[in-house]
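Visitor: Right, I'll just put the structure down here and ask away after.
What follows is calculated from the coordinates using simple rules that are stated; it is not laboratory data. No experiment lies behind these values; they were computed from the predicted model shown. Positions of Cβ are backbone-derived with ideal geometry, glycine not excepted, and every protein chain shown enters the neighbour counts.
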């Protein structure tokens, strides 16, 4: 909704408007528990359509978003530009972690309904006898429930660090042998590329995923870890075991950083953004 004042200003002063879409609307309402069949979803679908159609350019963080804009709202594909996020510089200087007897798998970020943390708990339960520990860093609507369930199930191989400020995050990344990314098995959620992917890769850490769509494609393309289907705890547990046995841990970390530099680095982002905005300004009436 924050786009509406910008669009009003642009219309009044004949200034073209660009919108950077980190999430899909109205699809993001699903993460908050709103059903696609509800009047609320229908209303914001109409609002979103008007906003998207009035913008001169739409920058999107996932390649799948482009298809969504063209298929759902009839947006001309030439107006939708793929512009993935970059990671804060603080994640670029994480030292390589030396192997230890117990591997530490770190999840960092929001812990909400969409993050499928039940999948992590189920996988951790299957891995209780393995030399692996999960560290969950972050806060959100599901944190208290997940902490309670982990305690009830006596999952001593999970540690919750809670929500931490940005400046503390390198400490937790430096503890990680691999990073963990999960999402619900939802066809529209799978179109997103969570921002944590860029920070994980900038830090040069292998990634283990229980996730579909764009993020899974990136992990495979980068050859930086193991990925299985969203919400599949059995496959997640198997992939953690594969990681524990893999002789390529260091190589996967190097691959992650290399892919980040070639696709998500800040300089690339700024150069493309400037170029696209200059083109948009040239279309000014």
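Visitor: Need one number: nm distance between label points at residue 174 and residue 25, each 7 Å from Cα along Cα→Cβ, rounded to one decimal.
Guide: 4.0
Visitor: How large is the helix-only mean residue ellipticity at 222 nm for the chain, computed as the sum of -39500 (n - 2.57) over DSSP H runs with n ≥ 4, divided by its residue count, in deg cm²/dmol to the nearest 500?
Guide: -13500 deg cm²/dmol
Visitor: If you rank 101, 23 by fewest surrounding Cβ atoms within 10 Å, what's the result?
Guide: By the 10 Å Cβ count, ascending, the order reads 101, 23.
Visitor: Then there is this: Expressed as an acute angle from 0 to 90° and rounded to the nearest 10, what is the orientation of the C-alpha long axis of helix 213-222 relative to the principal long axis of the chain?
Guide: Once rounded, one gets 60 degrees.
Visitor: Based solely on C-alpha atoms, express the radius of gyration and the Dmax of region 52-107 in angstrom.
Guide: Calculated on Cα positions, Rg and Dmax stand at 18.9, 56 Å.
Visitor: Among 62, 37, rank each residue by its count of other Cβ atoms within 10 Å, from fewest to most, as a rough exposure measure.
Guide: The most exposed by this proxy come first: 37, 62.
Visitor: Let me ask something else about it. With each pseudo-label sitting 7 Å past Cα toward Cβ, what's the residue 262-residue 281 distance in nm, one decimal?
Guide: Taking the simple label geometry, residue 262 and residue 281 are separated by 3.3 nm.
Visitor: How many nm is it between the label spots at residue 246 and residue 13, if each spot is 7 Å from the Cα in line with the beta carbon?
Guide: 5.0
Visitor: Sort out for me the Cα centre separation of region 64-86 from region 195-216, rounded to whole Å.
Guide: 22
Visitor: Could I ask something else about it? Report, to the nearest 10°, how far helix 117-126 tilts away from the longest principal axis of the Cα atoms in the chain, using its own Cα long axis and a range of 0 to 90°.
Guide: Tilt relative to the chain: about 20 degrees.
Visitor: Cα centroid distance between region 109-177 and region 219-285, in Å?
Guide: About 22 Å separates the Cα centre of region 109-177 from the one of region 219-285.
Visitor: Would you mind ranking 55, 224 so that the residue whose beta carbon has the fewest other beta carbons within 10 Å leads the list?
Guide: 55, 224
Visitor: Sticking with this structure for a sec: In square nanometres, what is one fourth of the surface area of the convex hull spanned by the alpha carbons of region 4-56?
Guide: For region 4-56, averaging the hull's shadow over all directions gives 3.9 nm².
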